[in-house]
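Chemist: Take this structure first; my questions come after.
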Amino acid sequence: MFNYTKKDLEKSTLQFVVTIPKDDIQKRYEESFKELAQSVKVEGFRTGKVPLDVARKHIGKEKIYDGLIHHLLPQIYEYILKNEKLQPAMSPKIELKQAKEEKDWIIEITIALRPIVAVPDYKKIAQTIKAGLKKEDIWVPGKSQTKEDEAEKRKKQEKIVNDILGEIIKNSTLEISQLIIDQEVNAKLARLVDDIQKIGMTMDAYLQSKKITSDQIKEQIQQEIIQTYTLEFILAEIADKEKITVEKNEIDTFISSITDVQTREQAEKNRYLYASLMRKQKVIDYLASL
(Lines give C-alpha, C1' and ligand atoms only; values in the text may rest on other atoms or scores of the structure.)
Protein backbone atom coordinates (compact mmCIF):
# COMPACT_ATOMS: atom_id res chain seq x y z
CA MET A 1 0.00 0.00 0.00
CA PHE A 2 1.05 3.64 -0.26
CA ASN A 3 0.31 6.95 1.39
CA TYR A 4 0.43 10.50 0.13
CA THR A 5 0.42 14.14 1.15
CA LYS A 6 -1.36 16.90 -0.77
CA LYS A 7 -0.17 20.43 -1.47
CA ASP A 8 -2.17 23.20 -3.13
CA LEU A 9 0.11 25.01 -5.59
CA GLU A 10 -2.67 27.50 -6.40
CA LYS A 11 -3.93 28.35 -9.89
CA SER A 12 -5.95 25.11 -9.98
CA THR A 13 -2.88 22.94 -9.46
CA LEU A 14 -2.42 20.22 -6.85
CA GLN A 15 0.73 18.29 -6.01
CA PHE A 16 0.77 14.87 -4.36
CA VAL A 17 3.89 13.33 -2.86
CA VAL A 18 3.38 9.57 -2.76
CA THR A 19 5.45 7.24 -0.60
CA ILE A 20 5.48 3.52 -1.37
CA PRO A 21 7.08 1.25 1.26
CA LYS A 22 10.04 -0.81 0.07
CA ASP A 23 8.26 -4.05 1.06
CA ASP A 24 5.38 -3.21 -1.26
CA ILE A 25 7.82 -2.38 -4.06
CA GLN A 26 9.50 -5.77 -3.59
CA LYS A 27 6.12 -7.52 -3.72
CA ARG A 28 5.16 -5.68 -6.89
CA TYR A 29 8.60 -6.38 -8.36
CA GLU A 30 7.99 -10.11 -8.00
CA GLU A 31 4.52 -9.78 -9.51
CA SER A 32 5.97 -7.90 -12.46
CA PHE A 33 8.68 -10.54 -12.89
CA LYS A 34 6.20 -13.44 -12.83
CA GLU A 35 4.03 -11.71 -15.43
CA LEU A 36 7.01 -11.22 -17.74
CA ALA A 37 8.13 -14.81 -17.15
CA GLN A 38 4.90 -16.00 -18.78
CA SER A 39 6.02 -14.61 -22.14
CA VAL A 40 9.80 -15.02 -21.98
CA LYS A 41 11.29 -17.31 -24.63
CA VAL A 42 14.06 -19.69 -23.62
CA GLU A 43 15.37 -22.47 -25.82
CA GLY A 44 14.27 -25.87 -24.59
CA PHE A 45 11.12 -24.58 -22.88
CA ARG A 46 7.65 -23.79 -24.08
CA THR A 47 6.48 -20.19 -23.65
CA GLY A 48 4.77 -19.84 -20.28
CA LYS A 49 6.47 -22.99 -18.93
CA VAL A 50 9.93 -21.55 -18.24
CA PRO A 51 10.99 -22.21 -14.61
CA LEU A 52 11.19 -18.97 -12.61
CA ASP A 53 14.84 -19.46 -11.69
CA VAL A 54 15.68 -19.86 -15.40
CA ALA A 55 13.46 -16.94 -16.46
CA ARG A 56 15.13 -14.68 -13.90
CA LYS A 57 18.44 -15.11 -15.75
CA HIS A 58 16.85 -13.95 -19.01
CA ILE A 59 14.86 -10.95 -17.80
CA GLY A 60 16.78 -7.84 -16.82
CA LYS A 61 15.91 -5.85 -13.72
CA GLU A 62 15.27 -2.75 -15.81
CA LYS A 63 12.56 -4.52 -17.78
CA ILE A 64 10.97 -5.80 -14.57
CA TYR A 65 10.95 -2.33 -13.04
CA ASP A 66 9.48 -0.92 -16.25
CA GLY A 67 6.62 -3.41 -15.96
CA LEU A 68 6.18 -2.53 -12.28
CA ILE A 69 5.96 1.19 -13.02
CA HIS A 70 3.63 0.60 -15.97
CA HIS A 71 1.09 -1.04 -13.64
CA LEU A 72 1.75 0.93 -10.46
CA LEU A 73 1.51 4.57 -11.59
CA PRO A 74 -1.96 4.33 -13.21
CA GLN A 75 -3.29 2.59 -10.07
CA ILE A 76 -1.94 5.33 -7.80
CA TYR A 77 -3.20 8.10 -10.07
CA GLU A 78 -6.68 6.61 -10.38
CA TYR A 79 -6.87 6.10 -6.62
CA ILE A 80 -5.96 9.74 -5.94
CA LEU A 81 -8.51 11.03 -8.46
CA LYS A 82 -11.26 8.90 -6.92
CA ASN A 83 -10.28 9.53 -3.31
CA GLU A 84 -9.92 13.31 -3.79
CA LYS A 85 -12.87 13.54 -6.23
CA LEU A 86 -10.78 15.41 -8.80
CA GLN A 87 -11.47 16.26 -12.43
CA PRO A 88 -8.10 16.82 -14.13
CA ALA A 89 -7.82 18.98 -17.23
CA MET A 90 -4.91 17.02 -18.71
CA SER A 91 -2.54 14.14 -18.03
CA PRO A 92 -0.55 14.57 -14.82
CA LYS A 93 3.11 15.41 -14.48
CA ILE A 94 4.75 12.44 -12.75
CA GLU A 95 8.29 12.39 -11.39
CA LEU A 96 10.11 9.55 -9.63
CA LYS A 97 11.91 11.42 -6.87
CA GLN A 98 13.36 8.29 -5.31
CA ALA A 99 13.35 4.80 -6.81
CA LYS A 100 16.23 2.83 -5.33
CA GLU A 101 16.41 -0.80 -4.31
CA GLU A 102 15.81 -1.51 -0.64
CA LYS A 103 14.38 1.97 -0.12
CA ASP A 104 10.89 3.45 -0.07
CA TRP A 105 9.89 4.96 -3.38
CA ILE A 106 8.81 8.58 -3.56
CA ILE A 107 6.71 9.79 -6.47
CA GLU A 108 5.57 13.34 -7.14
CA ILE A 109 2.31 13.74 -9.06
CA THR A 110 1.23 17.22 -10.15
CA ILE A 111 -2.34 17.57 -11.40
CA ALA A 112 -3.84 20.47 -13.35
CA LEU A 113 -7.52 20.93 -12.60
CA ARG A 114 -10.16 22.43 -14.86
CA PRO A 115 -9.52 26.19 -15.20
CA ILE A 116 -11.82 28.43 -13.15
CA VAL A 117 -13.23 31.60 -14.70
CA ALA A 118 -15.11 34.40 -12.95
CA VAL A 119 -17.26 36.39 -15.37
CA PRO A 120 -18.63 39.90 -14.77
CA ASP A 121 -22.24 41.01 -15.28
CA TYR A 122 -22.29 40.19 -19.01
CA LYS A 123 -25.91 41.29 -19.40
CA LYS A 124 -25.10 44.75 -18.12
CA ILE A 125 -22.01 44.94 -20.34
CA ALA A 126 -24.00 44.01 -23.44
CA GLN A 127 -26.75 46.48 -22.64
CA THR A 128 -24.26 49.29 -21.88
CA ILE A 129 -22.43 48.79 -25.16
CA LYS A 130 -25.69 48.70 -27.12
CA ALA A 131 -26.96 51.80 -25.30
CA GLY A 132 -24.08 53.72 -26.82
CA LEU A 133 -25.08 52.80 -30.36
CA LYS A 134 -27.56 54.38 -32.67
CA LYS A 135 -30.83 52.50 -32.94
CA GLU A 136 -30.24 51.64 -36.57
CA ASP A 137 -26.81 50.21 -35.78
CA ILE A 138 -28.14 47.56 -33.40
CA TRP A 139 -28.37 44.12 -34.95
CA VAL A 140 -30.82 41.59 -33.55
CA PRO A 141 -30.72 37.88 -34.49
CA GLY A 142 -33.53 37.17 -36.94
CA LYS A 143 -33.89 40.80 -37.99
CA SER A 144 -34.67 41.06 -41.71
CA GLN A 145 -32.01 42.49 -43.98
CA THR A 146 -32.03 43.66 -47.59
CA LYS A 147 -29.32 42.56 -50.00
CA GLU A 148 -28.05 46.16 -50.18
CA ASP A 149 -27.27 46.53 -46.49
CA GLU A 150 -26.61 42.88 -45.54
CA ALA A 151 -22.81 43.18 -45.74
CA GLU A 152 -22.77 46.42 -43.76
CA LYS A 153 -25.07 45.06 -41.08
CA ARG A 154 -22.89 41.97 -40.80
CA LYS A 155 -19.89 44.19 -40.10
CA LYS A 156 -21.83 46.09 -37.44
CA GLN A 157 -23.02 42.82 -35.95
CA GLU A 158 -19.47 41.51 -35.71
CA LYS A 159 -18.25 44.76 -34.15
CA ILE A 160 -20.99 44.74 -31.49
CA VAL A 161 -20.27 41.11 -30.58
CA ASN A 162 -16.51 41.73 -30.52
CA ASP A 163 -16.98 44.80 -28.32
CA ILE A 164 -19.18 42.85 -25.91
CA LEU A 165 -16.80 39.89 -25.75
CA GLY A 166 -13.78 42.19 -25.43
CA GLU A 167 -15.30 43.98 -22.46
CA ILE A 168 -16.34 40.70 -20.81
CA ILE A 169 -12.84 39.27 -21.28
CA LYS A 170 -11.25 42.45 -19.88
CA ASN A 171 -13.35 42.19 -16.72
CA SER A 172 -13.03 38.41 -16.26
CA THR A 173 -10.44 36.52 -14.26
CA LEU A 174 -9.10 33.10 -15.20
CA GLU A 175 -7.32 30.72 -12.87
CA ILE A 176 -5.41 28.31 -15.08
CA SER A 177 -2.70 25.85 -14.12
CA GLN A 178 0.80 26.63 -15.35
CA LEU A 179 1.01 22.97 -16.38
CA ILE A 180 -1.67 23.56 -19.01
CA ILE A 181 0.01 26.72 -20.25
CA ASP A 182 3.43 25.05 -20.47
CA GLN A 183 2.00 22.09 -22.37
CA GLU A 184 0.19 24.35 -24.85
CA VAL A 185 3.26 26.58 -25.30
CA ASN A 186 5.49 23.57 -26.01
CA ALA A 187 2.98 22.16 -28.49
CA LYS A 188 2.66 25.47 -30.34
CA LEU A 189 6.43 25.97 -30.38
CA ALA A 190 6.90 22.46 -31.82
CA ARG A 191 4.39 23.21 -34.59
CA LEU A 192 6.08 26.56 -35.27
CA VAL A 193 9.49 24.89 -35.56
CA ASP A 194 8.05 22.33 -38.00
CA ASP A 195 6.47 25.09 -40.13
CA ILE A 196 9.71 27.08 -40.14
CA GLN A 197 11.77 24.05 -41.16
CA LYS A 198 9.36 23.32 -44.02
CA ILE A 199 10.25 26.65 -45.62
CA GLY A 200 13.97 26.02 -45.13
CA MET A 201 14.60 28.35 -42.21
CA THR A 202 16.11 27.81 -38.78
CA MET A 203 14.44 29.02 -35.60
CA ASP A 204 17.29 31.49 -35.03
CA ALA A 205 16.87 32.94 -38.53
CA TYR A 206 13.11 33.22 -38.00
CA LEU A 207 13.54 35.05 -34.70
CA GLN A 208 16.05 37.44 -36.27
CA SER A 209 13.66 38.16 -39.15
CA LYS A 210 10.92 39.00 -36.62
CA LYS A 211 13.37 40.93 -34.41
CA ILE A 212 12.26 39.06 -31.30
CA THR A 213 13.90 36.70 -28.82
CA SER A 214 12.90 33.14 -27.94
CA ASP A 215 11.65 34.38 -24.55
CA GLN A 216 9.51 37.04 -26.24
CA ILE A 217 7.89 34.57 -28.62
CA LYS A 218 7.18 32.20 -25.70
CA GLU A 219 5.56 35.06 -23.80
CA GLN A 220 3.53 36.00 -26.88
CA ILE A 221 2.31 32.42 -27.32
CA GLN A 222 1.52 32.18 -23.61
CA GLN A 223 -0.65 35.31 -23.74
CA GLU A 224 -2.47 33.98 -26.80
CA ILE A 225 -3.18 30.72 -24.97
CA ILE A 226 -4.49 32.54 -21.89
CA GLN A 227 -6.77 34.69 -24.07
CA THR A 228 -8.05 31.61 -25.91
CA TYR A 229 -8.77 29.74 -22.68
CA THR A 230 -10.38 32.81 -21.14
CA LEU A 231 -12.81 33.15 -24.05
CA GLU A 232 -13.44 29.39 -24.11
CA PHE A 233 -14.38 29.22 -20.45
CA ILE A 234 -16.31 32.50 -20.48
CA LEU A 235 -18.59 31.11 -23.18
CA ALA A 236 -18.93 27.80 -21.32
CA GLU A 237 -19.71 29.59 -18.04
CA ILE A 238 -22.38 31.76 -19.67
CA ALA A 239 -23.86 28.72 -21.41
CA ASP A 240 -24.11 26.94 -18.06
CA LYS A 241 -25.65 29.95 -16.30
CA GLU A 242 -28.21 30.51 -19.03
CA LYS A 243 -28.81 26.78 -19.59
CA ILE A 244 -27.88 27.07 -23.25
CA THR A 245 -27.66 23.62 -24.81
CA VAL A 246 -27.49 21.94 -28.20
CA GLU A 247 -30.02 19.17 -28.74
CA LYS A 248 -29.29 15.96 -30.60
CA ASN A 249 -31.75 16.82 -33.37
CA GLU A 250 -29.92 20.11 -33.98
CA ILE A 251 -26.64 18.28 -34.54
CA ASP A 252 -28.43 15.68 -36.69
CA THR A 253 -29.93 18.43 -38.85
CA PHE A 254 -26.57 20.17 -39.23
CA ILE A 255 -24.68 17.02 -40.17
CA SER A 256 -27.37 15.87 -42.62
CA SER A 257 -27.12 19.26 -44.35
CA ILE A 258 -23.49 18.57 -45.33
CA THR A 259 -23.58 17.51 -48.96
CA ASP A 260 -20.04 16.14 -49.28
CA VAL A 261 -20.13 12.49 -48.12
CA GLN A 262 -16.57 12.41 -46.79
CA THR A 263 -17.01 15.66 -44.88
CA ARG A 264 -20.32 14.43 -43.47
CA GLU A 265 -18.74 11.17 -42.29
CA GLN A 266 -15.94 13.12 -40.62
CA ALA A 267 -18.47 15.38 -38.93
CA GLU A 268 -20.35 12.32 -37.66
CA LYS A 269 -17.17 11.11 -35.97
CA ASN A 270 -16.70 14.52 -34.34
CA ARG A 271 -20.22 15.21 -33.11
CA TYR A 272 -18.96 16.46 -29.76
CA LEU A 273 -16.74 19.04 -31.44
CA TYR A 274 -19.58 20.34 -33.60
CA ALA A 275 -21.93 20.40 -30.63
CA SER A 276 -19.36 22.48 -28.74
CA LEU A 277 -19.01 24.92 -31.65
CA MET A 278 -22.77 25.24 -32.03
CA ARG A 279 -23.16 25.90 -28.30
CA LYS A 280 -20.55 28.67 -28.45
CA GLN A 281 -22.36 30.26 -31.37
CA LYS A 282 -25.62 30.13 -29.42
CA VAL A 283 -23.95 31.98 -26.55
CA ILE A 284 -22.62 34.64 -28.92
CA ASP A 285 -26.09 35.04 -30.46
CA TYR A 286 -27.53 35.28 -26.96
CA LEU A 287 -25.12 38.09 -25.98
CA ALA A 288 -25.90 39.92 -29.21
CA SER A 289 -29.62 39.71 -28.50
CA LEU A 290 -29.47 41.23 -24.98
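Chemist: Somewhere in the stretch 2-15, is a residue part of a strand (DSSP E or B), aromatic (Phe, Trp, Tyr) and within 29 Å of the chain's Cα centre (by Cα)? Give the steps one after another, and end with the answer.
Modeler: So the first thing to find is which residues in the stretch 2-15 are part of a strand (DSSP E or B), and the list is 3-10, 13-15.
If we keep only those that are aromatic (Phe, Trp, Tyr) too, we end up with 4.
Keeping just the survivors that are within 29 Å of the chain's Cα centre (by Cα) gives 4.
Yes, some residue in the stretch 2-15 is part of a strand (DSSP E or B), aromatic (Phe, Trp, Tyr) and within 29 Å of the chain's Cα centre (by Cα).
Yes/no per residue for (1) surrounded by 17 or more Cβ atoms within 10 Å (Cβ to Cβ); (2) at pLDDT below 90:
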{"residue": "Ile25", "(1), (2)": "yes, no"}
{"residue": "Glu30", "(1), (2)": "no, no"}
{"residue": "Ser39", "(1), (2)": "no, yes"}
{"residue": "Val42", "(1), (2)": "no, yes"}
{"residue": "Asp53", "(1), (2)": "no, yes"}
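Chemist: Six or more apart or on different chains, Cβ atoms under 6 Å: show the pairs whose first residue is in the stretch 124-141 and of a type in the set (Asp, Glu) and whose second is at pLDDT 80 or above.
Modeler: Pairs that qualify, where the first residue is of a type in the set (Asp, Glu) and the partner is at pLDDT 80 or above, are Asp137/Lys156.
Chemist: Ok, one more. So, in the stretch 162-213, how many residues would count as being of a type in the set (Gly, Ala, Ser) and more than 30 Å from Ile238 (Cβ to Cβ)?
Modeler: Step one: filter the stretch 162-213 for residues of a type in the set (Gly, Ala, Ser), giving 166, 172, 177, 187, 190, 200, 205, 209.
Going one step further and asking which of them are more than 30 Å from Ile238 (Cβ to Cβ), we end up with 190, 200, 205, 209.
Residues flagged as of a type in the set (Gly, Ala, Ser) and more than 30 Å from Ile238 (Cβ to Cβ) within the stretch 162-213 amount to 4.
Chemist: For the stretch 107-128, which residues satisfy the criterion of being out of contact with any helix residue (DSSP H, G or I) (no Cβ under 9 Å at 6 or more places or on another chain), surrounded by fewer than 15 Cβ atoms within 10 Å (Cβ to Cβ) and of a type outside the set (S, T, N, Q)?
Modeler: First pass over the stretch 107-128, keeping only residues out of contact with any helix residue (DSSP H, G or I) (no Cβ under 9 Å at 6 or more places or on another chain): 108, 113, 121, 124, 127.
Still in the running and surrounded by fewer than 15 Cβ atoms within 10 Å (Cβ to Cβ): 121, 124, 127.
Once the filter is applied, which keeps residues that are out of contact with any helix residue (DSSP H, G or I) (no Cβ under 9 Å at 6 or more places or on another chain), surrounded by fewer than 15 Cβ atoms within 10 Å (Cβ to Cβ) and of a type outside the set (S, T, N, Q), the stretch 107-128 yields Asp121, Lys124.
Chemist: Here's something else I'd like to know. Can Leu73 be described as under 26 Å from Glu108 (Cα atoms) and either touching a Leu at 6+ places or on another chain (Cβ under 7 Å) or surrounded by 16 or more Cβ atoms within 10 Å (Cβ to Cβ) (or both)?
Modeler: Values: under 26 Å from Glu108 (Cα atoms): yes; either touching a Leu at 6+ places or on another chain (Cβ under 7 Å) or surrounded by 16 or more Cβ atoms within 10 Å (Cβ to Cβ) (or both): yes.
Criteria met by Leu73.
Chemist: Moving to a separate point now. So which of Thr245, Thr213 ends up being within 30 Å of Gln127 (Cα to Cα), of a type in the set (Val, Ile, Thr) and surrounded by 11 or more Cβ atoms within 10 Å (Cβ to Cβ)? Steps first, please.
Modeler: On the way: Thr213 fails: within 30 Å of Gln127 (Cα to Cα).
Step by step, each of Thr245, Thr213 is checked, and only Thr245 is within 30 Å of Gln127 (Cα to Cα), of a type in the set (Val, Ile, Thr) and surrounded by 11 or more Cβ atoms within 10 Å (Cβ to Cβ).
Chemist: Something else now. Go through the stretch 169-194 and count every residue that is of a type in the set (Lys, Arg), farther than 21 Å from Ser12 by Cα and loosely packed, with under 14 Cβ neighbours inside 10 Å.
Modeler: Going through the stretch 169-194 one residue at a time, the tally reaches 1.
Chemist: Something else now. Among the residues of the stretch 248-272, write down those that are hydrophobic (A, V, I, L, M, F, W, C) and surrounded by 12 or more Cβ atoms within 10 Å (Cβ to Cβ). Don't jump to the end; show me each part of the working.
Modeler: As a first pass, look at the stretch 248-272 and keep what is hydrophobic (A, V, I, L, M, F, W, C): 251, 254-255, 258, 261, 267.
Across the stretch 248-272, the qualifying residues are Ile251, Phe254, Ile255, Ile258, Ala267.
Chemist: List, please: which pairs have Cβ atoms under 7 Å, are six or more places apart or on different chains, and start with a residue in the stretch 183-197 that is among the acidic types (Asp, Glu) and end with one that is in a helix (DSSP H, G or I) and buried (at least 17 other Cβ atoms within 10 Å of the Cβ)?
Modeler: Glu184/Ile225
Chemist: Hey, another quick one. For the stretch 273-284: of the residues being surrounded by 15 or more Cβ atoms within 10 Å (Cβ to Cβ) and under 14 Å from Ala236 (Cα atoms), which is nearest to the chain's Cα centre (by Cα)? Steps first, answer last, please.
Modeler: Initial filter on the stretch 273-284 (surrounded by 15 or more Cβ atoms within 10 Å (Cβ to Cβ)): 274-276, 278-280, 282-284.
Next, only the ones that are under 14 Å from Ala236 (Cα atoms) stay: 275-276, 278-280, 282-284.
Details: Ala275: 18, Ser276: 15, Met278: 20, Arg279: 19, Lys280: 18, Lys282: 23, Val283: 21, Ile284: 23 Å.
Per the stated criteria, the residue is Ser276.
The values are calculated or read from the model by the stated rules, or taken from the named source; none is laboratory data. None of the values given here were measured: they were computed from a predicted structure. Please note: Cβ atoms are built from the backbone with ideal geometry, for glycine as well, and neighbour counts cover all protein chains shown.
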